[in-house]
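Notes follow the structure.
The values are calculated or read from the model by the stated rules, or taken from the named source; none is laboratory data. This one's a predicted model, so the numbers in the text were calculated from it and none came from an experiment. No Cβ is skipped: glycine too gets one built from the backbone with ideal geometry, and neighbour counts run over all protein chains shown. Note: accessible area is taken over every heavy atom of the protein model, side chains too, but ligands, DNA and RNA are not part of it. Shrake-Rupley method; radii C 1.70, N 1.55, O 1.52, S 1.80 Å.
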Amino acid sequence: MEIDQAHYHGWQGQLRTPWSACAAIVRVAVIQVIRNKAYWLLLALGLLRFLAFWSIIYAVTQLALPEDVSEGLLRRFGFSANSDAAQDNGYIRFIEGQNVIVMILLAFCGSLLVGSDFRAKTLPFYLSRRIDKRHYIIGKLLAVSAVICLLTIAPALLLFFEYGMFASSTAYWIDNWRIPVSVLAFGAVICIVNSILLVTISAYLQRIVPITITWATLFLLVGRLGDHMYRRTDEAMWRLLDPWRDMRLVGRLCFGTFRDEAESQLAMQALVILVTLCTVALAALVYRVRAVDVVE
Amino acid sequence: MHLVDIHNVSRSFGQVQALRDVNLTLSTGTIGLVGNNGAGKSTLIKVLLGLLAPDAGGGTILGCDIRRGSSELRGRVGYMPESAARVPMLKGVEFVAFAGDLYGMPHRDARRRAHEVLNYVGLGELRYRRLEEYSAGNLQRLNLAAALVHDPQLLLLDEPTNGLDPAGRLAMLQLLEDLIAETGKSVILCTHLLGDVERICQQIVVLHRGTVVRAGTMNEMRAEVNNRFELSWTGPAEAFRGALAAEGVTFADPRDEGTSKIMVSVPEGFTTSRFFELAASSGAVITELKPDEENLEGMFFRVTEEAAAAAP
């Protein structure tokens, strides 16, 4: 049957709940990031790092490696042929490393995913549809989280699956059920904190340069300042100024693996700091998201 | 059911009173919302759409309460914003489908419908281009397609010809005319370009400094103009003016006081021959009598000047 394209045709369907729009926002965000060639280098780095870990797991489980090589790989990557020795450290190291790539990627894509909505006055485009600011905010947070998951949680879970697959038995998956749960919990921490901070900063600063400078200040300079104060005062609490370290501590809290006793004591305080930071940022974000620019 | 029925709607931004005691009852059709910059047109549109809550007053649009800003209302209205929205990195068809997704359409339907409306607005061949490659005129068409994607009952168009060259403006107006003629959809067109309104609207609302100074159908506006005449005479001015005033003739412009060339509005049933009878009885001789050829632009300036003069 030929379609009549010259005339207007109505549509008679049922509109779904506005929450379904969040999925569309996430899908569009992922398309935006993947289509931007400037990010391909970072995405490729993330992929390469994943393939490196994939190869390490293959090597330690399938090849008869000399003992010193095995120990070197265990020390450097946290994986060994003995699944008991393959502690959660391997996954933590993988996620923490991927997180560095994610942080750089987020610094650049905040302007694309969120800032452009405010800069180009696209916000009324969203809020004049059936969604309101709740759906918009949740959608954008999920969108940033999806980008983070793409490089951290999803490949980490794939590595867990791979290890179990090469172990030739389902025992690894059953015995280490806590690992995927911990990966998800650590991933949730990274997603929640990073997405709230990035969306808030991008909503206010909008352009790529100020967003990148603020992001770098928050995650690098403030951390260095905390380290400096720690060295001067010998007070470990100063080190919690670094949100990145806070996320790592909470991540280790999820995995239940700490390097030392002091680290375990700081983990709960790091959690409190992150919760406070996110609450303040979220409140600022809710205030910022308005359908119209208010004329003062 | 009225299309729009709002009462005593006020909205301010800090010290700026954008809308004050707006009362408006509009029936279905095409409505032009006109006013100078800062008259409150865009604010009224956003209140009607539930994007802004009024400080006072309330009412309904398509039977939905504007104070609730309900998603039900926005599901029945298509809004085309003043500045064309663009989501970076998306292609035209993805953008329109995304608008459908945001309305809550199933994605498959949104995608299919995006192709249909893009064909309809004349962007069928450009649908796979990225938004960054669209011209201003095509971006406006794209945003019209995004407003149409869920087949709304009412279209709210905020300055749809804004920033377009003359050819682009005419093409957009032609498209709107065709759309209205073919679908019978109600349209509220918010603009300061009176020619656009004159061309496609049946009703008109004039806003001035946040208040509605005139609302009615275009025919009513034209009938109002038919009651106005430009009149010149020689002879005793005072006596003739007094005779006219006694018959209920009003003088349109107070600045004409003391002159013998004035603009007058006549009451119902007043015929032009009566001018000559009154002139003869007053000893005056009419040298010129012609109906006012006021167009919409003239009417707009007149009512806004009257409103400005009447304002405290």
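What the table below lists for this structure:
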| read-out | value |
| --- | --- |
| Rounded to 10°, Cα long-axis angle of helix A:261-288 versus longest principal axis of chain A | 10 |
| Backbone HN-Hα couplings from phi across the range B:171-184 [Karplus 6.51/-1.76/1.60, Hz, Gly and Pro as x] | 5, 5, 5, 4, 4, 5, 4, 4, 4, 5, 5, 7, 9, x |
| Probe 1.4 Å - accessible area at B:Ser70, Å² to nearest ten | 30 |
| Theoretical ellipticity at 222 nm over chain B - DSSP helices of four or more residues, -39500 (n - 2.57) apiece, nearest 500 | -12000 deg cm²/dmol |
| Overall form of chain A per C-alpha gyration tensor (a/c, 1.5; a/b vs b/c) | oblate |
| Karplus (6.51, -1.76, 1.60) ³J(HN,Hα), θ = phi - 60°, over the range B:234-245, in Hz, Gly and Pro reported as x | 10, x, x, 6, 4, 5, 5, 5, x, 5, 5, 4 |
| Cut-off 13 Å between beta-carbons: net charge of the residues surrounding A:Phe108, Lys and Arg +1, Asp and Glu -1 | +2 |
| Solvent exposure ordering (accessible area, 1.4 Å, most first) of A:Lys140, A:Lys133, B:Lys46, A:Lys37 | A:Lys37, A:Lys133, B:Lys46, A:Lys140 |
| Per-selection Rg to Rh, the protein assembly as shown - Cα, Kirkwood hydrodynamic radius | 1.16 |
| Selection from B:Pro166, B:Ser12, A:Leu274, by position along the positive dipole direction of the protein assembly as shown (Cβ) | A:Leu274 |
| Solvent-accessible surface (1.4 angstrom probe) belonging to B:Ser281, in square angstrom, nearest 10 | 90 |
| Local electrostatic count, A:Pro18, Cβ distance below 12 Å [Lys/Arg +1, Asp/Glu -1] | +3 |
| Considering only the protein assembly as shown, percent of DSSP beta bridges that pair antiparallel, nearest 5 | 65 |
| Dipole of the range A:99-231, positive end: most advanced residue of A:His228, A:Leu150, A:Leu106 [Cβ charges, Cα centre] | A:Leu106 |
| Rounded, prolate or oblate (a/c below 1.5 giving rounded, otherwise prolate when a/b exceeds b/c) for chain B by Cα gyration tensor | prolate |
| Residues losing 50 Å² or more accessible surface upon assembly, the range A:103-149, compared with the chain by itself, 1.4 Å | A:Phe125, A:Ser128, A:Arg129, A:Arg130 |
| Drop in accessible area of at least 30 Å² in the complex versus isolated chain, residues of the range B:145-176, 1.4 Å probe | B:Asp151 |
| List A:Met103, A:Met165, ordered by accessible area with a 1.4 Å probe, largest first | A:Met165, A:Met103 |
| About the Cα centre, charge dipole magnitude for the protein assembly as shown (Lys/Arg +1, Asp/Glu -1 at Cβ), debye | 1660 |
| Rounded to 5, the percent of DSSP beta bridges in chain B classed as antiparallel | 65 |
| Charged-residue dipole, Cβ positions (Lys, Arg, Asp, Glu), chain B about Cα centre, Debye nearest 20 | 1220 |
| Chain pair B, A: total accessible area buried, heavy atoms, 1.4 Å probe, Å² | 3900 |
| 1.4 Å probe accessible area per residue over the range A:18-99, in Å² | 50 |
| Rounded accessible area per residue of the range B:1-156, 1.4 Å, Å² | 35 |
| Extreme residue, positive dipole direction of the range A:4-81, given options A:Ile25, A:Leu63, A:Ala38 (C-beta unit charges) | A:Ile25 |
| Accessible surface, 1.4 Å probe, highest first, among residues A:Glu261, B:Glu116, B:Glu125 | B:Glu125, A:Glu261, B:Glu116 |
| Heavy-atom accessible surface of the protein assembly as shown: percent carbon and sulfur, 1.4 Å | 57 |
| Listed residues B:Val87, B:Val121, B:Val22, most fluctuating in chain B (Gaussian network, C-alpha, under 10 Å) | B:Val87 |
| Tilt relative to chain A, helix A:222-233 - C-alpha long axis, 0 to 90 degrees, to 10 | 40 |
